[in-house]
Amino acid sequence: MGIQRSGGGNGPDRLPSLTPEALTPAQTAAAASFAEVRGVPVFGPFWPLIRSPELMLRAHEMGYYLRYHSSLPFVLSEMAILLVSRLWSQPVEWEIHRPAALKAGLPLAVVEAISEGRRPVSMEPAQAAVYDVFDQLHRTRGIDDALYARACELLGEQGLIDLAAVAGYYTLLAMTMNIARTKTAGDDVPPLSGT
């Protein structure tokens with residue numbers, strides 16, 4: 001990929017968390033629905049998104065499927081999220097998903113290469129397919145027949161479509177948080193290289 005951008009930049013969080021008293025009735029309902037399904041209160045990218053409560057709920061539903069019920073193995077989904085995070089220099093996504101990717105079994109060398117914006121040297125075939133689809137799709141806005149065939153063989157047709165959806169969904173979150181300058185939680189997670 002070789003793309004390293006500055007992300008949302010420095011400065012104060014433009015769309016920080018809101019107190020319960022500051023929420024509109026629609027935002028309160030959206031926050032309650034979110035907490036009921038996720039089992040946690042609104043966090044991270046959903047604070048900026050709650051400014052459009054219906055959008056937040058629809059995005060949350062898609063994200064819940066993609067994160068927990070997609071046809072992709074969890075490790076491949078997490079790898080794709082790290083690739084989005086690197087492309088958009090998005091520190092909140094990185095802070096949340098780097099530990100999840102490692103816990104799911106993505107090798108540290110792969111995670112570090114993604115952080116540095118370079119192609120990992122050694123990947124399993126399915127990991128290489130995820131990387132190559134993501135890379136080619138973002139560079140050329142499509143994928144060639146050879147990569148399509150390889151990705152379908154390794155990921156399945158549904159897996160390939162779910163991969164595109166993971167990339168698109170987490171791009172939405174990355175763009176939203178870069179606009180908002182959403183701050184990390186400050187967890188002890190090594191940051192993206194170059195940000």
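Only the coordinates and a few stated rules stand behind these numbers; no lab work does. Here the structure is a predicted model, which is why all the values come from computation and not from measurement. As a convention, Cβ positions derive from the backbone with ideal geometry for all residues, glycine included, and neighbour counts pool all protein chains shown.
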Contact order relative to length for region 117-173, counting C-alpha pairs under 8 Å separated by 6 or more residues, stands in percent at 32 percent
Ordering 98-108, 19-29, 169-179 by per-residue average of other C-beta atoms within 10 angstrom, highest first, gives 169-179, 98-108, 19-29
Most packed first (mean Cβ within 10 Å per residue), the peptides 65-71, 87-93, 11-17 order as 87-93, 65-71, 11-17
Subtracting the Cα-Cα distance of Asp145 and Val37 from 0.36 nm times their residue separation yields 34.9 nm
To the nearest 20 debye, region 74-180 has a Cα-centred charge dipole, built from +1 on Lys and Arg Cβ and -1 on Asp and Glu Cβ, of 260 debye
In terms of the charge dipole of the chain, which places +1 on Lys and Arg and -1 on Asp and Glu at the beta carbon, the residue among Pro125, Leu18, Ala32 farthest towards the positive end is Leu18
Computed for the chain: size of charge dipole around the Cα centre, +1 on C-beta of each Lys and Arg, -1 on C-beta of each Asp and Glu, debye to nearest 20, value 480 debye
For the chain, the longest principal axis of the Cα atoms and the Cα long axis of helix 145-180 enclose an angle in degrees, to the nearest 10, of 30 degrees
For the chain, longest principal axis from Cα atoms; helix 91-104 axis from its Cα atoms; angle between them, nearest 10 degrees, is 50 degrees
For the chain, longest principal axis from Cα atoms; helix 25-38 axis from its Cα atoms; angle between them, nearest 10 degrees, is 50 degrees
Burial-style ranking of 129-138, 147-156, average other-beta-carbon count within 10 Å with highest first, yields 129-138, 147-156
Full extension between Val121 and Ala22 adds, at 0.36 nm per residue less the Cα distance, a length in nm of 30.7 nm
